[in-house]
Amino acid sequence: MRIMAGKGNANRRMGAFWERQAAEYLEQKGYQILERNFCSYFGEIDIIARQGDYLVFVEVKYRREGSPVHALESIDSGKQRRICKTAAYYCLRCGWPEDTPCRFDILGIQGGAFAHIEDAFPYV
């Protein structure tokens, strides 16, 4: 019996590729990558990094060139809440002090072009 690779596998491979590219992009900007694909009951955070004093939680979104919705527009309020809950869990689990300055960034990749929004949304 021949098993066909599903579209989901291809999408996961594509996502993993662009998340690696995003991590390299952030490292070139001076970020120190602490975690990739951190998961909790609440959700997943693609990249957790340090930039100066900030602990930065980064959501990476890729869209093909010509996609009707830009990568940066695809983070709705529900996704933001899940990221924030996961970030709070990460800080608690890893022993980060409550007064650690945190930030939520979005790194959109549209057809290979990077758009990075620092402090894209507040903690919700």
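Odds and ends about this structure:
- Per residue, the accessible area of the range 44-120 comes to 51 Å² when a 1.4 Å probe rolls over the protein heavy atoms.
- For the chain, the calculated P(r), taken from all Cα-Cα distances in 10 Å bins from zero up to the bin holding the longest distance, is 12, 43, 32, 9, 2, 0 percent.
- By accessible area, using a 1.4 Å probe on protein heavy atoms only, the chain has 50% of its surface on carbon and sulfur.
- Between helix 7-28 and the chain: long-axis angle, C-alpha atoms, 0 to 90°, nearest 10: 40 degrees
- Derived scalar couplings ³J(HN,Hα) [the range 112-122; Karplus, 6.51 cos²θ - 1.76 cosθ + 1.60; whole Hz; x for Gly, Pro]: x, 8, 8, 10, 10, 10, 7, 6, 5, 8, x
- Rounded to the nearest 20, the size of the Cβ-charge dipole of the chain about its Cα centre is 720 debye, with Lys and Arg at +1 and Asp and Glu at -1.
- For residue 55, the amide hydrogen comes within under 5 Å of the amide hydrogens of 102, 103, counting only partners 5 or more places away or on other chains and with H modelled in the peptide plane.
- Sum of -39500 (n - 2.57) over DSSP H runs of 4+, divided by residues of the chain (222 nm, nearest 500): -11000 deg cm²/dmol
The values are calculated or read from the model by the stated rules, or taken from the named source; none is laboratory data. What you see is a predicted model; the values in this text were computed from it and never measured. When we count neighbours, we look across all protein chains shown, and the Cβ atoms used for this are built from the backbone with ideal geometry, even at glycine. Calculation scope for accessible area: heavy atoms of the full protein, side chains included, ligands and nucleic acids excluded. Shrake-Rupley method; radii C 1.70, N 1.55, O 1.52, S 1.80 Å.
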